[in-house]
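Colleague: Right, I'll just put the structure down here and ask away after.
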Amino acid sequence: SIYLSARLYLRVQSDQTLEVDTDRGGRVNLNFNITFHNLPCGVMSTDAIDVSGEHRMAIGKDVRKRLVKDGIISNTVQASVDNYQALADMARPAALLLHNTGCNLEGSIGVQRVAGNVHFALHSLDFFTLSRLFPSKDALNASHTIHHLSFGTEFPGQINPLDGVSYSQDHDPGTKEYYIKVVPTVFHSARGKITQSSQYSVTEHFKLSYDGFPAVYFLYDLSPLKIVKREFRRPFLHFLTELCAIVGGVFVVFGRIDAVVTGTAARYTAASKQMYTRTLERLGF
């Protein structure tokens, strides 16, 4: 019908192909928003390392920390504590108050297009200091919720399987590892805009920590293939051809109906006139 053809013409359709990724070098942004429900911001660190040897520790410029209290994320940005020994010497009530808070970390880190990892862990403090801050293993709870994690610029239909994933630690502390295979993606919008981005698949693993301190690792590697996704609309000439075919079909159908109705009426009229004439003849008129 004309309505369905118009809907198909106005609807944005898409297709995608798989190609060899010939791009070299450059960087891609890793965007994240993750909440640790039981680890305070003051001792949380965001580190990044890759196979090229680039190693950034305690990244602060591109990461925003916010206090989490009773499951509610505060709008107050928390700064990292600089004097770790002073923090370790805090009175127990203050330390307990610290341990009753969590931390939300949100930011975007530019990483090279090579294998590497971004991990969230306690600061590289000496064992004595951390033991004072966390006197028992029960306090070292790395339960977390990944509100968002993506690579590159967002685009319609982007697949981010870790969005909304939660992990609850119900055993001894250890390292939670997410193994991510990043697939570069080129998105061509129906309006002609080209977006260089990425999608990914993920598997996860947990291993106990020998030193007893938890960490969360996002270990990523890039696929040698890339996805090219294109949006498009049906050509106007295609829509016009279908429209003409539909209108022509309607005229043909109505023409045949008119011919059938007209022929039937003519035969009926002729039969009626003939019957009328015979009836008159019988009556002697």
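The values are calculated or read from the model by the stated rules, or taken from the named source; none is laboratory data. These figures come from a predicted structure and were not determined experimentally. We place every Cβ from the backbone using ideal geometry, glycine too, and count neighbours over all the protein chains shown. Only protein heavy atoms, including side chains, enter the accessible area calculation; ligands, DNA and RNA are left aside. Shrake-Rupley method; radii C 1.70, N 1.55, O 1.52, S 1.80 Å.
Colleague: Starting from region 15-28, keep only residues that are under 13 Å from SER223 (Cα atoms), then list their pairs with residues that are open to solvent by 70 Å² or more (accessible area, probe 1.4 Å) and of a type in the set (D, E, K, R) whose Cβ atoms are within a distance under 6 Å, requiring at least 6 positions of separation or different chains.
Modeller: Sorted first by the residue in region 15-28, then by its partner, the list stays empty.
Colleague: Which of (1) over 35 Å from the mean Cα position of the chain (by Cα); (2) modelled with pLDDT under 75 does THR262 not meet, given it meets every other one?
Modeller: All conditions pass for THR262, except number (2).
Colleague: Considering each residue of region 138-160, count those that are closer than 24 Å to VAL228 by Cβ and either open to solvent by less than 20 Å² (accessible area, probe 1.4 Å) or in contact with a helix residue (DSSP H, G or I) (Cβ under 9 Å, 6 or more places away or on another chain) (or both), and give that number.
Modeller: Residues flagged as closer than 24 Å to VAL228 by Cβ and either open to solvent by less than 20 Å² (accessible area, probe 1.4 Å) or in contact with a helix residue (DSSP H, G or I) (Cβ under 9 Å, 6 or more places away or on another chain) (or both) within region 138-160 amount to 5.
Colleague: Also: Inside region 180-251, counting only strands (runs of 3 or more DSSP E) that do not spill past its ends, which hold 2 or more residues that are in contact with a Phe, Trp or Tyr (Cβ under 7 Å, 6 or more places away or on another chain) and either modelled with pLDDT of 85 or more or farther than 30 Å from TYR167 by Cα (or both)?
Modeller: Because the criterion is at least 2 residues that are in contact with a Phe, Trp or Tyr (Cβ under 7 Å, 6 or more places away or on another chain) and either modelled with pLDDT of 85 or more or farther than 30 Å from TYR167 by Cα (or both), the strands (runs of 3 or more DSSP E) in region 180-251 that meet it are 194-208, 215-222.
Colleague: If you scan region 34-62, which residues turn out to be part of a loop (DSSP other than H, G, I, E, B) and in contact with an Asp or Glu (Cβ under 8 Å, 6 or more places away or on another chain)?
Modeller: MET57, ALA58, ILE59
Colleague: All but one of (1) modelled with pLDDT of 90 or more; (2) open to solvent by 30 Å² or more (accessible area, probe 1.4 Å); (3) in a strand (DSSP E or B) hold for ILE109, so report the exception by its number.
Modeller: It is condition (2) that ILE109 fails.
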